[in-house]
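These notes are about the structure you will find just below.
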Amino acid sequence: MKTVTHWIGGKPFVDASGASGTWGAVTDPATGEVTARVAMAGAEEADAAVAAAKEAYATWRTTPLARRIAILFRYRALLDARRDDIAALITAEQGKVHADALAEVARGLEIVELACGIGTALKGDTSTEVSSRVDVASIRQPLGVVVGISPFNFPAMISMWMFPMAIACGNTFVHKPSGKAPSASLLLAELAAEAGVPDGVLNILHGDKVAVDALLDHPDVAAVSFVGSTPVARHVYSRASASGKRVQALGGAKNHMLVLPDADLDAAAEAAVSAAYGSAGQRCMAVSVVVAVGSAGDALVPRIVERATKLTIGPGNDPKSEMGPLVTRAHRDEVAEYVAGAAAQGADVVLDGRGFTVEGLENGYWMGISLLDKVSTDSDAYRDEIFGPVLCVVRAETYDEAIGIVNGSRFGNAASIFTRDGGAARRFQREVEAGMVGVNVPMPVPVGYHSFGGWKDSAFGDHRMYGSEAVHFYTQGKVITSLWPEPDRPEPR
């Protein structure tokens, strides 16, 4: 059986007993079979990872910027050459189809490319002669040891949203990936070492809450980046902030897609199916609620059904598959319970994905397409983040009622509107309470040189992910005021 170890100080790391005596199981979601064991860190391993990062920081922070950038360019080339290998690891442990896994790697590479251009972003500002012979300069300097904690659903992309920008800014990094899909992070670290990233600059630490809390409390950790569920994001933000750390913690989502009667309903249906069921709904940018206004609902729902029922569900390594399994059996069962609960709470179950299976892979964590119509905003299926292939349709009579529904959600990650009316779209952009907004775009994921993050219970902390926000998060400002005597006359008294 494959063993997934930590990566500390530039090499695999595991103690003689395994890892504080504990191992976790890694399964193939398509078969339900255990395919690997992963070392689970305790406080001692967390200390070792932070110590390696702290030691490396002493020299990495003073490594010339041109050298750091050259390493990142080599790293980008290596990642590009190994796209398929990284994607295959994602599929094997997370379950998404190969095309989705390749798209994940491509989106991660976008941020590596951003890090390759870090020189311009790290430039300071200077004002000369603010007073007689007095100059003022603003510079940005790295923080020190930074921790990143990423979820199972994008084991490569979200890792690359974090550490390339952090190390480009001169920090060192301890990354704690999800134990459900740990192998991609190890390959990312191995390729970083091959590119020339010095030992200790990037470390991988596997584990659960024990390891996470050890990192959140560690006095040598300066900042924490997190992506995951809202309850854990709140815990990470509260605990790390209490120990004086800078924190960006992105939480859960309930992304709404508002559809007006004048919209291109065929395009809206295509967008809803792709955004709701891609990656089996296991992504924070998935559309999980369609708010259909007026007559749009009766026309839209059949269009969604027509397209959704044509999706091919199967193992991610089958080129014919368009949607894979869920990540664990427990998660699959939880998603199925929401469908059952929605029926009990008055929703029309138009498509029911419970009981779906794939011939020959009956032990896989399969869930078919589910579509719930006329969902009440008081129901569990509406209020909670389901994180599976379940789309809720909520009906509204007017735009004002619809925007009230969207803004009434405790989440504020992303929202989109489908319409041909420019005035309605402009109003929506201004009024909607969400951090990322789409107009006839179902999943408005910003490109790398903008920044990613939501509002309300979808984000904790003052900084968003990647883009210019990453530079501000992973560095701290310093302002220098200086006065020098002229060489040809003495200092005035």
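The values are calculated or read from the model by the stated rules, or taken from the named source; none is laboratory data. Just so it is clear, the structure is predicted and the values come from calculations on it, not from any experiment. FYI the Cβ positions are ideal-geometry reconstructions off the backbone, even for glycines, and counts take in every protein chain you see. Heavy atoms of the whole protein, side chains included, go into the accessibility calculation; ligands, DNA and RNA do not. Shrake-Rupley method; radii C 1.70, N 1.55, O 1.52, S 1.80 Å.
In table form, for the structure just shown:
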read-out: Yes/no for H206 being within 19 Å of the chain's Cα centre (by Cα) and part of a loop (DSSP other than H, G, I, E, B); value: yes
read-out: The lone exception for P177 - which of (1) crowded, with 24+ Cβ neighbours inside 10 Å; (2) on the phi > 0 side of the Ramachandran plot it fails; value: (2)
read-out: Filtered residue count, the stretch 60-92, keeping only those that are closer than 25 Å to R329 by Cβ and either among the polar types (S, T, N, Q) or open to solvent by 10 Å² or more (accessible area, probe 1.4 Å) (or both); value: 4
read-out: Per-region count, the stretch 313-337, residues open to solvent by less than 40 Å² (accessible area, probe 1.4 Å) and either in contact with a helix residue (DSSP H, G or I) (Cβ under 6 Å, 6 or more places away or on another chain) or not polar (S, T, N, Q) (or both); value: 12
read-out: Meets criteria (of a type outside the set (F, W, Y), surrounded by 15 or more Cβ atoms within 10 Å (Cβ to Cβ) and in a strand (DSSP E or B)) for G32; value: no
read-out: Residue in the stretch 48-59 that is of a type in the set (A, V, I, L, M), under 26 Å from the mean Cα position of the chain (by Cα) and either exposed (fewer than 15 other Cβ atoms within 10 Å of the Cβ) or not in a helix (DSSP H, G or I) (or both) present; value: no
read-out: Leading residue by the ranking (most open to solvent (accessible area, probe 1.4 Å)) among those in the stretch 340-363 that are outside any loop (DSSP other than H, G, I, E, B), over 21 Å from A269 (Cα atoms) and aliphatic (A, V, I, L, M); value: A344
read-out: Selection within the stretch 251-282 - over 25 Å from the mean Cα position of the chain (by Cα) and acidic (D, E); value: D262, D264, D266
read-out: Some residue of the stretch 174-183 being within 14 Å of V112 (Cβ to Cβ) and in contact with a helix residue (DSSP H, G or I) (Cβ under 8 Å, 6 or more places away or on another chain); value: no
read-out: Qualifying residue in the stretch 243-263 (condition: at pLDDT 95 or above, aliphatic (A, V, I, L, M) and assigned to a helix (DSSP H, G or I)); value: no
read-out: Test: residue in the stretch 3-26 that is touching a Pro at 6+ places or on another chain (Cβ under 9 Å), surrounded by fewer than 22 Cβ atoms within 10 Å (Cβ to Cβ) and on the phi > 0 side of the Ramachandran plot; value: yes
read-out: Residues of the stretch 264-282 satisfying the condition of being assigned to a loop (DSSP other than H, G, I, E, B) and either open to solvent by 10 Å² or more (accessible area, probe 1.4 Å) or basic (K, R) (or both); value: D264
read-out: Residue selected from the stretch 283-312 under the condition open to solvent by less than 40 Å² (accessible area, probe 1.4 Å) and without any contact (Cβ under 8 Å) to a residue 60 or more places away in the chain, by the criterion farthest from F418 (Cα to Cα); value: A299
read-out: Any hit, the stretch 15-26, residues being closer than 23 Å to P164 by Cα and hydroxyl-bearing (S, T, Y); value: no
read-out: Any hit, the stretch 202-213, residues being within 20 Å of P142 (Cβ to Cβ), in contact (Cβ under 8 Å) with a residue 12 or more places away in the chain and surrounded by fewer than 20 Cβ atoms within 10 Å (Cβ to Cβ); value: no
read-out: Every residue from the stretch 113-159 that is within 20 Å of the chain's Cα centre (by Cα), touching a residue at least 60 places away in the same chain (Cβ under 8 Å) and not in a strand (DSSP E or B); value: E113, L114, S150, P151, F152, N153, F154, P155, A156, I158
read-out: Some residue of the stretch 230-242 being open to solvent by 10 Å² or more (accessible area, probe 1.4 Å), over 30 Å from E55 (Cβ atoms) and not in a strand (DSSP E or B); value: yes
read-out: The stretch 479-493 - residue that is open to solvent by 90 Å² or more (accessible area, probe 1.4 Å) and in contact (Cβ under 8 Å) with a residue 24 or more places away in the chain and, of those, farthest from the chain's Cα centre (by Cα); value: W484
read-out: Any strands (runs of 3 or more DSSP E) falling wholly within the stretch 364-478 and containing at least 2 residues that are out of contact with any helix residue (DSSP H, G or I) (no Cβ under 7 Å at 6 or more places or on another chain), under 30 Å from A137 (Cα atoms) and open to solvent by 10 Å² or more (accessible area, probe 1.4 Å); value: none
